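Please read the structure below before turning to the comments.
Only the coordinates and a few stated rules stand behind these numbers; no lab work does. Since we're looking at a predicted model, the values are computed, not measured. Reconstructed Cβ throughout: ideal geometry from the backbone, glycine too, with neighbour counts over all protein chains shown.
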Amino acid sequence: MGTSLKIDTVAAFCDFFGVNTLHPLVSVARFEDYGTYPEAMMECGLYCIMYKEIHCGELKYGRSSYDYQSGTLLFTSPGQKIGVASRNEGDRIYKGWILMFHPDLLYGTPLASLMRNFTFFSYDVNEALHMSARERKIILNCMDEIRGELDNNMDRHTRKIVVSYIETMLNHCTRFYERQFITREISNRGIMGKLDRVLNEYFDSNRQDEEGIPTVQYCAAEVCLSPNYFGDLVKKETGHTASEYIQNFIIDRAKILLAHGEKNVSEIAYELGFRYPHHLTRVFKKVTGRTPNEYKMSYN
C-alpha cells in the first residue's frame, strides 16, 4: 500500500495529514480539516483514538481491513501499523475526530501506570467500539474540551488538564465496552461454546504432545479474536481470566483421568501437556485445594 512511513511524533503525523500541530505531544483534529495526502502504510509511535460519524470506506490496520460504520471508535497504540487511502482535492470529506498523543505526554502522571488497563488499544479493528447516541455525545464532548484547551494559550496547567480529559475519555470507553459485551451476550456465548470445542479438539487430537498446554494466544486465534479482546470477553462471561479458564478446563480433564484410576499422576501430567509432573500438582492444588494423589485416593 503506497509509501511506508515511520511516524514517531505528533508534528510528523499532523504534517502528513495537513493539519496544524497544536502541541508537541498531543493534538486533536477533525477529519474535515485534513488536507491532501498520499496512500501510505504507517508505523505509528503514537496513541490514536479515531471516531467517524458516517460510513467512510475501508481502513487498513496491520494485515486486516475494516469498513467503518457510523458511530465507531477505534484505538491504536504505539508500534501498530495503519494504512490510509490517499485523499485528493475534491474527495468526499468525512466527519469525525482523531486524537493523537505521544507516550511522553503521560510520563509523571497517574495515567501512565494505568494505560495497561485499557486493553482495547490492542483490540483488532473488527472489535471496535460501536456507541449509542448518548455515548457519542460524551466522547465528542471530551474531544471538544481537549481541542479547546489546546487552542488556548498554553501554560503550566495545560498538560495536566489535557491528560485528565484523556483519562476521563478512556474511563468512559471502558464502561462503554462493558456495555457492548453485555449487549452481545448471545454472540459471546457462542464464542465460549466454540472455545470449549477448540480445547476439546486440541486434547482429543493430542496436540499437547507436541505443543504443550494451549496458550491464550492460540485460543484467541482459533475463535478469531485478538488476545486482549478474547481475554476481556472471557473475564466478563466467566469471572476468570482466559488463562484461568484454560487452566480450569485442563484440571477438569485431569479429574476425569484421576477418577478412572488407571494412570498415575506423572502419566496424566505428561498426557495433558505438562512438562513436569510437579507442574500439574501445583496447579491442581491451587484450583481444587487438594493434590492429584489426594483426589485420586478419594475415588479408591
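Brief remarks follow.
- Charge dipole of the stretch 3-183 about the Cα centre (unit charges at C-beta), most positive-ward option of Cys44, Ile82, Thr72: Thr72
- Sites Ser113 and Ser164 - FRET efficiency at Förster radius 25 Å, r taken between beta-carbons, to 0.05: 0.95
- Label-to-label distance for Thr21 and Phe181 is 3.9 nm, based on points extended 7 Å past Cα in the beta-carbon direction.
- When the C-alpha to C-alpha distance is required to be over 26 Å, the pairs from Lys95/Lys160; Lys160/Lys236; Lys95/Lys194; Lys194/Lys236; Lys52/Lys81; Lys81/Lys236 that qualify are Lys95/Lys160; Lys160/Lys236; Lys95/Lys194; Lys81/Lys236.
- With a cut-off of 11 Å between beta carbons, the residues surrounding Asp8 carry a summed charge of -1, where Lys and Arg count +1 and Asp and Glu -1.
- Range of Cα positions in the chain per principal axis (Å), largest first: 78, 40, 34
- HN-Hα J in Hz across the stretch 223-230 - Karplus 6.51, -1.76, 1.60, θ = phi - 60°, x for Gly and Pro: 9, 6, 10, 6, x, 5, 5, 4
- Stretched out straight at 0.36 nm per residue, the stretch from Arg197 to Lys286 would grow longer than its current Cα-Cα span by 29.6 nm.
- For the stretch 190-300, the Cβ-based charge dipole about the Cα centre amounts to some 440 debye (Lys, Arg positive; Asp, Glu negative; other atoms uncharged).
- The mean sequence distance of close C-alpha pairs (under 8 Å, at least 6 residues apart), as a share of the length of the stretch 3-183, puts its relative contact order at 23 percent.
- In terms of overall dimensions, the C-alpha atoms belonging to the stretch 186-297 reach 41, 28, 21 Å along their principal axes, ordered largest to smallest.
- Placing a label point 7 Å from the Cα of Ser132 along the Cα-to-Cβ direction, the residues of the stretch 176-193 whose backbone N falls under 11 Å from that point are 176, 179-180, 183.
- Karplus-derived 3J(HN,Hα), 6.51/-1.76/1.60, for each residue of the stretch 141-151, Hz, glycine and proline x: 5, 4, 4, 5, 5, 5, 4, x, 5, 6, 6
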